[in-house]
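Here is the structure we will look at, set down as structure tokens.
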Amino acid sequence: MLGETCEICGWVIFRLKEDGKNSEEDFCLNRRCKGGRKYWKKQAMELKIRLR
Ligand SMILES: [Zn+2]
């Protein structure tokens with residue numbers, strides 16, 4: 001089982017579980033895909049926080 005694939009580009013969907021929350025978020029692993037932008041934006045924000 002490879003899991004879900006993106007409806008837009010066909011890449012594998014990554015499921016992110018947030019700590020302390022029951023919610024799961026699905027993101028496309030393709031940075032150039034609409035479905036992945038939210039995820040990469042979030043990653044960038046977290047990196048900035050860590051760098052401080
Ligand atoms: Zn995609």
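The values are calculated or read from the model by the stated rules, or taken from the named source; none is laboratory data. Model, not experiment: these values are computed from the prediction. Cβ atoms come from the backbone with ideal geometry, glycine included; neighbour counts cover every protein chain shown.
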Worksheet item: Pick from region 16-41 the residues that are among the acidic types (D, E) and surrounded by 12 or more Cβ atoms within 10 Å (Cβ to Cβ): which of them is nearest to E4 (Cα to Cα)?
Response: D26
Worksheet item: L51: of a type in the set (A, V, I, L, M), at pLDDT below 85 and in contact with a helix residue (DSSP H, G or I) (Cβ under 8 Å, 6 or more places away or on another chain), yes or no?
Response: no
Worksheet item: Name the residues in region 14-35 that are near the ligand (Cβ under 8 Å from one of its atoms) and either in a strand (DSSP E or B) or at pLDDT below 80 (or both), would you?
Response: C28, G35
